[in-house]
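Chemist: Dumping the structure here so I can ask a few things about it.
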Amino acid sequence: ADDPADLEARKTENVKQKVLNRLELLTFGTGGFARTASNVINSRNFDWSNAATAQVRRDLDLLKEDVETASGMTPNTICLTPQVARGIMRTAEYRDEAKYTNDLRSDNDIPSQLYGMDVVLVQSLQNTGRKGQARTLGRMMGDDVLVCYNAPGGVGPNVLTWAALLYTEEYAAKWWDDSRRAWVIEYGYIYAQQLVARECAALGTSVLTP
């Protein structure tokens with residue numbers, strides 16, 4: 001594409017990214033959809049700050065048990081930040097288990113699965129400083145961990161799953177605004193976060209906070 005077209009595409013992508021960042025914040029941010037007590041069957045506070053004594057498997061099994069006894073489904077997804085994932089991988093328990101299956105000399109990346117659940121990494125950072133203050137970046141999901149069951153085939157009649165993102169439309173438009181003397185780019189993403197079965201999710205809170 002020539003330069004003007006390429007610039008327009010980059011600007012539209014930038015607007016789209018801001019919209020999707022907002023969606024991620026509404027889902028995983030403080031007080032977000034995934035971290036609201038009324039949207040999960042149970043919340044438990046764990047302490048994994050001491051890598052020598054943390055019992056991550058036991059604690060995650062408690063969350064799994066919460067979901068299984070409430071819904072009959074075994075969680076297949078775990079949502080957490082890279083910071084928490086690395087914290088788990090530093091624990092003596094994890095290292096002791098992993099040495100039988102992984103070569104720790106070469107496998108330094110966060111695995112795609114943890115404890116039998118697919119990993120969803122919430123990688124975004126957000127500025128926690130107030131307006132006018134120094135920029136302070138923090139993990140969007142903090143040090144909370146969500147385990148949940150999401151139906152592989154998506155939402156349907158009589159399908160038990162934790163939640164769904166109901167999507168209807170995505171569009172982009174551009175026009176000249178005489179009052180601003182500038183081109184205006186609009187991006188729209190029409191959706192709704194829908195809780196289907198709160199009994200299919202459980203939350204571990206502040207796991208790296210002593």
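Chemist: Look through Ala192, Ala151, Ala164 and report the one residue that is at pLDDT 90 or above and under 30 Å from Gly72 (Cβ atoms).
Modeler: Answer to the selection: Ala151.
Chemist: Filtering region 168-207 down to residues that are assigned to a loop (DSSP other than H, G, I, E, B) and more than 30 Å from Asp61 (Cβ to Cβ), which residue is nearest to the chain's Cα centre (by Cα)?
Modeler: Here is the first cut: in region 168-207, the ones assigned to a loop (DSSP other than H, G, I, E, B) are 178-181, 196-197, 206-207.
Adding the requirement that they be more than 30 Å from Asp61 (Cβ to Cβ) leaves 178-181.
On the way: Asp178: 41, Ser179: 40, Arg180: 38, Arg181: 40 Å.
The qualifying residue nearest to the chain's Cα centre (by Cα) is Arg180.
Chemist: Kindly indicate whether any position in region 130-141 is farther than 23 Å from Asn76 by Cβ, part of a strand (DSSP E or B) and without any contact (Cβ under 8 Å) to a residue 24 or more places away in the chain. Give the steps one after another, and end with the answer.
Modeler: Pass one, region 130-141, residues farther than 23 Å from Asn76 by Cβ: 130-139.
If we keep only those that are part of a strand (DSSP E or B) as well, we get 137-139.
Now narrow it down to the ones that are without any contact (Cβ under 8 Å) to a residue 24 or more places away in the chain: 137-138.
Scanning region 130-141, I find at least one residue that is farther than 23 Å from Asn76 by Cβ, part of a strand (DSSP E or B) and without any contact (Cβ under 8 Å) to a residue 24 or more places away in the chain, so the answer is yes.
Chemist: Further, regarding this structure: Among the listed residues Arg180, Arg130, Arg198, which satisfies the condition of being open to solvent by 40 Å² or more (accessible area, probe 1.4 Å), at pLDDT 90 or above and basic (Lys, Arg)? Let's see the steps before the verdict.
Modeler: Values: Arg180 fails: at pLDDT 90 or above; Arg130 fails: at pLDDT 90 or above.
Matching residue, one of Arg180, Arg130, Arg198: Arg198.
Chemist: Could you please give the count of residues in region 37-50 that are closer than 19 Å to Val84 by Cβ and of a type in the set (Ser, Thr, Tyr)? Before you say what the answer is, go through the steps one by one.
Modeler: In the first step, residues of region 37-50 are kept if they are closer than 19 Å to Val84 by Cβ; the result is 40, 42-50.
In the following step, the residues that additionally are of a type in the set (Ser, Thr, Tyr) were identified as 43, 49.
The total comes to 2.
Table: residues versus (1) in contact (Cβ under 8 Å) with a residue 40 or more places away in the chain; (2) touching a Pro at 6+ places or on another chain (Cβ under 8 Å); (3) of a type in the set (Phe, Trp, Tyr).
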position	(1), (2), (3)
Gln55	no, no, no
Leu60	yes, no, no
Asp66	yes, no, no
Ala70	yes, no, no
Cys79	yes, no, no
Arg90	no, no, no
Glu97	yes, no, no
Tyr100	no, no, yes
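Chemist: Quick one: which helices (runs of 4 or more DSSP H) sit completely within region 21-105 and have at least 1 residues that are of a type in the set (Val, Ile, Thr) and exposed (fewer than 14 other Cβ atoms within 10 Å of the Cβ)? Even if it seems obvious, please write down each step before you answer.
Modeler: On the way: elements: 56-71, 82-90, 92-98.
It comes to 56-71.
Chemist: Still on this structure, I have one more. Looking only at region 148-168, how many residues end up being open to solvent by less than 70 Å² (accessible area, probe 1.4 Å) and either within 18 Å of Tyr94 (Cα to Cα) or out of contact with any Pro (no Cβ under 6 Å at 6 or more places or on another chain) (or both)? Steps first, please.
Modeler: Of the residues in region 148-168, the ones open to solvent by less than 70 Å² (accessible area, probe 1.4 Å) are 148-151, 154, 156, 159-164.
Still in the running and either within 18 Å of Tyr94 (Cα to Cα) or out of contact with any Pro (no Cβ under 6 Å at 6 or more places or on another chain) (or both): 150-151, 154, 156, 159-164.
Residues in region 148-168 being open to solvent by less than 70 Å² (accessible area, probe 1.4 Å) and either within 18 Å of Tyr94 (Cα to Cα) or out of contact with any Pro (no Cβ under 6 Å at 6 or more places or on another chain) (or both): 10 in total.
The values are calculated or read from the model by the stated rules, or taken from the named source; none is laboratory data. Predicted model only: the values in this text are computed from it and were never measured. Cβ: placed from backbone, ideal geometry, glycine included. Neighbour counts: every protein chain shown. With ligands, DNA and RNA removed, areas are computed over all heavy atoms of the protein, side chains included. Shrake-Rupley method; radii C 1.70, N 1.55, O 1.52, S 1.80 Å.
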